[in-house]
Amino acid sequence: MPIDWALVELWRQDLAQDRLERIRAAFLAGKIGGLDVVRSPAPAALRATANRFLLEYWLAHRRGAMPPVSAIDPVRLAPALGRILIVEPVEQGADFRYRLFGTDVAAVSGIEMTGKLLSAHPMPVELVSFGLALYRNLLARPEPVQTVNLPPTKLYSSWERIVLPFAGADGAVTRFLVGNTGFDQDGRELHG
């Protein structure tokens, strides 16, 4: 199904105003499940070990509103490496490209997106549209954001994500470091 870019913009506006009703209704109608969004969560609020590590790393390297993109160091991020996505805006947020799609995320989801555009992701269009709207919103309002998707599936019971913006030399967001962890029906973290 093609992306409805007008809907992406509407959802971006909803996120900017901390309104989730329309997005949640679309998730339910599309049988995607529930959705929670938390702005600037505390590390202790994150269930996933790797996501807590990433948020603590982001906070420790922050200079002003966010850390510099040079702080994205694979060696220092090793404890979370298989669960990391690195996402880059294309044409000021017209779309977003996966520069890295973590091996654990690819193994659990069965999808490898490194080098591909978010708009080309094969997941349900509601999830792609939400991702586009969230990243666009964070270009204007850079802060950590936790999302939790509660899908109606037996593959996993919840999917926790932490989205962390990083600044380029001009102070604008040039990359997102995104931690992803799925949980099974018993609340255990899924591994690839």
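The values are calculated or read from the model by the stated rules, or taken from the named source; none is laboratory data. Computed from a predicted structure; not experimentally measured. Don't worry about glycine lacking a Cβ; one is built from the backbone with ideal geometry, like all the others, and counts go over all protein chains shown.
Pairing each residue of region 139-153 that is within 10 Å of ASP36 (Cα to Cα) with any residue that is at pLDDT below 95 and hydroxyl-bearing (Ser, Thr, Tyr), provided the two are 6+ apart or on different chains, yields C-beta distances under 8 Å for VAL148/SER158; ASN149/SER158; LEU150/SER157; LEU150/SER158. Criterion first (of a type in the set (Asp, Glu), buried (at least 18 other Cβ atoms within 10 Å of the Cβ) and under 18 Å from VAL148 (Cα atoms)) does ASP104 satisfy it? In short, yes.
Any residue that is touching a Ser or Thr at 6+ places or on another chain (Cβ under 6 Å) and more than 15 Å from ALA16 (Cα to Cα) - is there at least one of those in region 101-124?
Taking region 101-124 as the starting set, the residues that turn out to be touching a Ser or Thr at 6+ places or on another chain (Cβ under 6 Å) are 101.
Those left that are additionally more than 15 Å from ALA16 (Cα to Cα): 101.
Yes; the residues of region 101-124 include at least one that is touching a Ser or Thr at 6+ places or on another chain (Cβ under 6 Å) and more than 15 Å from ALA16 (Cα to Cα).
Given the criteria in contact with a strand residue (DSSP E or B) (Cβ under 7 Å, 6 or more places away or on another chain), in a helix (DSSP H, G or I) and among the β-branched types (Val, Ile, Thr), does ILE23 qualify? Considered against the rule, which asks whether it is in contact with a strand residue (DSSP E or B) (Cβ under 7 Å, 6 or more places away or on another chain), in a helix (DSSP H, G or I) and among the β-branched types (Val, Ile, Thr), ILE23 comes out as yes. Look at ILE111 and say whether it is touching a strand residue (DSSP E or B) at 6+ places or on another chain (Cβ under 9 Å) and in a strand (DSSP E or B). For ILE111, the condition - touching a strand residue (DSSP E or B) at 6+ places or on another chain (Cβ under 9 Å) and in a strand (DSSP E or B) - is not met. Checking each residue in region 50-71 for being in contact with a Ser or Thr (Cβ under 8 Å, 6 or more places away or on another chain) and surrounded by fewer than 18 Cβ atoms within 10 Å (Cβ to Cβ) picks out only VAL69. Residues that are free of Cβ contacts under 8 Å to residues at least 60 places away in the same chain, within 24 Å of GLN17 (Cβ to Cβ) and not hydrophobic (A, V, I, L, M, F, W, C): does region 169-176 have at least one? Checking region 169-176: not a single residue is free of Cβ contacts under 8 Å to residues at least 60 places away in the same chain, within 24 Å of GLN17 (Cβ to Cβ) and not hydrophobic (A, V, I, L, M, F, W, C). Of everything in region 168-188 that is in a strand (DSSP E or B) and in contact with a Lys or Arg (Cβ under 8 Å, 6 or more places away or on another chain), the residue that is nearest to ALA94 (Cα to Cα) is ARG175.
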